[in-house]
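The values are calculated or read from the model by the stated rules, or taken from the named source; none is laboratory data. What you see is a predicted model, and the numbers here were worked out from it, not measured in a lab. A quick note on method: Cβ atoms are made from the backbone with ideal geometry, for glycine too, and the neighbour counts reach across all protein chains shown.
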Amino acid sequence: GAVVSQHPSRVICKSGTSVKIECRSLDFQATTMFWYRQFPKQSLMLMATSNEGSKATYEQGVEKDKFLINHASLTLSTLTVTSAHPEDSSFYICSASKLQETQYFGPGTRLLVL
Amino acid sequence: GNSVTQMEGPVTLSEEAFLTINCTYTATGYPSLFWYVQYPGEGLQLLLKATKADDKGSNKGFEATYRKETTSFHLEKGSVQVSDSAVYFCALQSNTGNQFYFGTGTSLTVIP
């Protein structure tokens, strides 16, 4: 099956700093990438959908200026959490798909903001 | 709209017990249905899927059948193992777009 990687797997940062998380599709070209957020013991919440070369579409309630998404190529999307605060601590998961096919999920990035 | 409702946990079973985790859905059109598994500290792994009515997805001893008449996709395994301890998510993918809708997850603990 298709492989999606995320980097870093864990990150700890100070409040007020920005953190960038990378999502890569390793063996296929992803026309669409998705970013999810998962709180402890809860389900995944879709944050935004990004298509290569165009602006991301954010879900209601997600601040686009706080969670910057860039989908610069068919194999890479980045999520930048700007001016992170402790309430941004969470597990961030990306997924990638080719055209309308199944989404393949990355292993997730655990963010802890102190 | 689209949504997924799955059985609340946590579920605790003894090794070799029979497992059922219920999942029902509402959807417009003809969605694809999935079960994902999340082991502690890890991301989601696709466990099985079914893309049309009456399809049965199976993997690692787990099965689920796409029942359009009851809008259900219940996960079953005849004999669970300790290594099956994880959180299981039921999900649907709309056929009108690429978006996934996840259930809230069911935590399973299997004790020796």
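Things to note:
- Applying the condition of being assigned to a strand (DSSP E or B) and of a type in the set (S, T, N, Q) to the range A:18-52 and asking which residue is farthest from A:A96 (Cα to Cα) yields A:Q38.
- B:A53 meets each of the listed conditions (1) touching a residue at least 24 places away in the same chain (Cβ under 8 Å); (2) more than 14 Å from every other protein chain (Cβ to nearest Cβ); (3) over 14 Å from the mean Cα position of the chain (by Cα) apart from (1).
- Checklist (1) touching a Lys or Arg at 6+ places or on another chain (Cβ under 6 Å); (2) modelled with pLDDT under 95 applied to B:T5, failing item: (1)
- If you go through the range A:104-114 and keep only what is facing chain B (nearest Cβ under 10 Å) and assigned to a strand (DSSP E or B), you end up with A:Y104, A:F105, A:T109, A:R110.
- Among the residues of this structure, B:F100 does not count as one that is more than 10 Å from every other protein chain (Cβ to nearest Cβ) and under 15 Å from B:K49 (Cα atoms).
The rows are residues; the columns are (1) part of a strand (DSSP E or B); (2) hydroxyl-bearing (S, T, Y).
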{"site": "B:L46", "(1), (2)": "yes, no"}
{"site": "B:K52", "(1), (2)": "no, no"}
{"site": "B:S58", "(1), (2)": "yes, yes"}
{"site": "B:E63", "(1), (2)": "yes, no"}
{"site": "B:S79", "(1), (2)": "no, yes"}
{"site": "B:S83", "(1), (2)": "no, yes"}
{"site": "B:V87", "(1), (2)": "yes, no"}
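- Looking across A:I21, A:I93, A:I69, one residue alone is within 30 Å of B:M7 (Cβ to Cβ), β-branched (V, I, T) and buried (at least 19 other Cβ atoms within 10 Å of the Cβ). It is A:I93.
- Any chance A:E87 is more than 13 Å from the chain's Cα centre (by Cα), more than 18 Å from B:K49 (Cβ to Cβ) and among the acidic types (D, E): yes
- Taking the listed residues B:T65, B:T28, the one that is over 27 Å from A:F91 (Cα atoms), more than 11 Å from the chain's Cα centre (by Cα), β-branched (V, I, T) and surrounded by fewer than 20 Cβ atoms within 10 Å (Cβ to Cβ) is B:T28, with no other qualifying.
- Just so you know, in the range A:74-103 the residues that are small (G, A, S), more than 10 Å from chain B (Cβ to nearest Cβ) and in a strand (DSSP E or B) include one that is nearest to A:L114 (Cα to Cα), and it is A:S90.
- Selection within the range A:36-62 - among the hydrophobic types (A, V, I, L, M, F, W, C), surrounded by fewer than 20 Cβ atoms within 10 Å (Cβ to Cβ) and more than 13 Å from chain B (Cβ to nearest Cβ): A:V62
- Residue check for A:S77: hydroxyl-bearing (S, T, Y), closer than 25 Å to B:P31 by Cβ and modelled with pLDDT under 90: no
- Count - residues of the range B:89-112 that are within 15 Å of the chain's Cα centre (by Cα), farther than 21 Å from B:K60 by Cβ and assigned to a loop (DSSP other than H, G, I, E, B): 1
- The range A:6-17 - residue that is assigned to a strand (DSSP E or B) and in contact with a Ser or Thr (Cβ under 8 Å, 6 or more places away or on another chain) and, of those, surrounded by the fewest Cβ atoms within 10 Å (Cβ to Cβ): A:R10
- The range B:31-44, subset within 11 Å of chain A (Cβ to nearest Cβ) and assigned to a loop (DSSP other than H, G, I, E, B), residue surrounded by the fewest Cβ atoms within 10 Å (Cβ to Cβ): B:G41
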